[in-house]
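Peer 1: Okay, handing you the structure first.
Nothing in this text is a laboratory measurement; each read-out follows from the coordinates by a stated rule. Keep in mind it's a predicted model, so treat the numbers as computed, not measured. Backbone-built Cβ (ideal geometry, glycine too); neighbour counts: all protein chains shown.
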Amino acid sequence: MSRTEKNFQRQLSWNAQKTHSVRWIFMPLMILLAATLVIGVVVGPVSIPIREVFSYLLGHKAAIGESGYIQHLIISQIRLPRVLLGLLVGCALGISGGTMQGVFRNPLASPYVVGIASGASTGAALVILLNLNGVAFLPLGAFIGGSLAVGIVYQLARQRDRRTSVYTLILAGVAVGALFSAITSFLIFLSAGTDRMTDVIFWTMGGLGRANWTYLCVLAPIVAVGSLLLIAFSRDLNALAMGEEGAFHLGINPEKSKRLMLGVATLVTSSAVGFTGTIGFVGLIIPHIMRLIMGPDHRFLLPATAIAGAIFLVWADMVARTVVRPAELPVGIITAFLGAPFFLYLLKTRKVRM
């Protein structure tokens, strides 16, 4: 048995020992997820009694009277779609960030840093400006823009020996993200004086305010299937943690696995951004925190990151719609307030691998 295989076997043995200590974390996460769903529907400019929330979720009819009917209408048409969209988008950004950090083997990688979110926002803005009807055009345009951005960044970050330089990755991501942000600003300029200007500005700030059941029907299967595919690559990510050479000796094609994982992560992230705009730093903060709690085994890390990302974004949205009542802040502002200092902390304290 080669040294690489022995190291991998030792890592698997360590992971097996950690399995029993990390599985218990999923129970509190699921309880917190359920509580977040209920609290997210309750909290808002108009407070909804928790009994009315449970009444609606359990399928009971609205209480007799105008107030009961209005409360059920708010739940069904505003609050519940918004919370569910937040859960889906948080899940998408969290698991995509965890995957990218595993692919590039660095905690600084995220959909925001490598330019996917900026590219996706540009694609969605172009769809709006062209007035393309149909809800499917938004995620499609966002996916094309996000794929173009990550493709450029990935090619710039690759060295002659086919390794990926993290410094180059970050610098290329910042530069490409700035380029696509400039294109989006140009599209806003072109839409000035039209009804579509407000829609384009919405994507640049990020928010869940336009959630509806149609968005959920389109986004839910993309996030569900994409998340399952990324979790299925957990073994590949664990092998890549030992380096590309070690993964190759274990029977994994590193470049092929990277391209597939980045493609799925781009699809999931771009679809989420297409409906909500740019919501940054969720894919940076949550995977890093959950790695400290769960350990490096992606079999447990990715599902935990998806759940924690969903919880985090809904709570951030609750802050966004209550902190400056009766006005409402875009949730992207809240996540940026939290994520930017965290990103600077990582840059200061972590030793980034060339």
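Peer 1: Per residue of the range 172-177, what does 6.51 cos²θ - 1.76 cosθ + 1.60 with θ = phi - 60° give for ³J(HN,Hα)? Whole Hz please, x for Gly and Pro, Karplus curve as stated.
Peer 2: Karplus-based 3J(HN,Hα) across the range 172-177 equals 5, x, 5, 5, 5, x Hz.
Peer 1: Exposed loop sites here are trypsin sites (Lys or Arg not before Pro) in DSSP loop states with at most 14 other C-beta atoms within 10 Å. What is the longest stretch of the chain lacking them?
Peer 2: Values: sites that count: K61, R160, R162, R210, R350, K351, R353.
Longest run free of exposed loop sites: 211-349.
Peer 1: Which residues' amide hydrogens lie under 5 Å from the amide hydrogen of D297, considering only partners 5 or more residues apart or on another chain, with H built in the peptide plane?
Peer 2: Here the answer is none, since no amide H 5 or more places off falls under 5 Å of that of D297.
Peer 1: Additional query: Between the range 192-255 and the range 260-317, how many Å separate their Cα centres?
Peer 2: Cα centroid of the range 192-255 versus Cα centroid of the range 260-317: 8 Å apart.
Peer 1: Counting helices only, and only those DSSP H runs with n ≥ 4, report the 222 nm mean residue ellipticity of the chain as the sum of -39,500 (n - 2.57) divided by its residues, in deg cm²/dmol to the nearest 500.
Peer 2: Working: 15 runs with 263 residues, N = 354.
For the chain, the value works out to -25000 deg cm²/dmol.
Peer 1: A follow-up question, please. Here are a few candidate values for log10 I(q)/I(0) by the Debye sum over Cα atoms at q = 0.09 Å⁻¹: (1) -0.74; (2) -0.56; (3) -0.50. Which one was actually calculated from the structure I just gave you?
Peer 2: (3)
Peer 1: Residue by residue through the range 281-287, which ³J(HN,Hα) values in whole Hz follow from phi under the Karplus form 6.51 cos²θ - 1.76 cosθ + 1.60 (θ = phi - 60°), with glycine and proline marked x?
Peer 2: Values, residue by residue: 6, 4, x, 9, 5, 5, x Hz.
Peer 1: Here's another thing I want to ask about it. Pick out which of H72, H60, H298 has the largest mean-square fluctuation in a Gaussian network model of the chain, springs linking Cα atoms closer than 10 Å.
Peer 2: Ranking H72, H60, H298 by mean-square fluctuation puts H60 first.
Peer 1: Now, a different point. I need the semi-axes of the equivalent ellipsoid of the range 257-354: take the C-alpha gyration tensor, multiply each eigenvalue by 5, square-root it, list largest first in whole angstrom.
Peer 2: Numbers: eigenvalues 125, 62, 38 Å².
Square roots of five times the eigenvalues give 25, 18, 14 Å.
Peer 1: Can you compute 3J(HN,Hα) from phi for each residue in the range 335-345, using the Karplus curve 6.51 cos²θ - 1.76 cosθ + 1.60 with θ = phi - 60°, rounded to whole Hz and x for Gly and Pro?
Peer 2: 5, 5, 4, 7, x, 4, x, 5, 4, 5, 4
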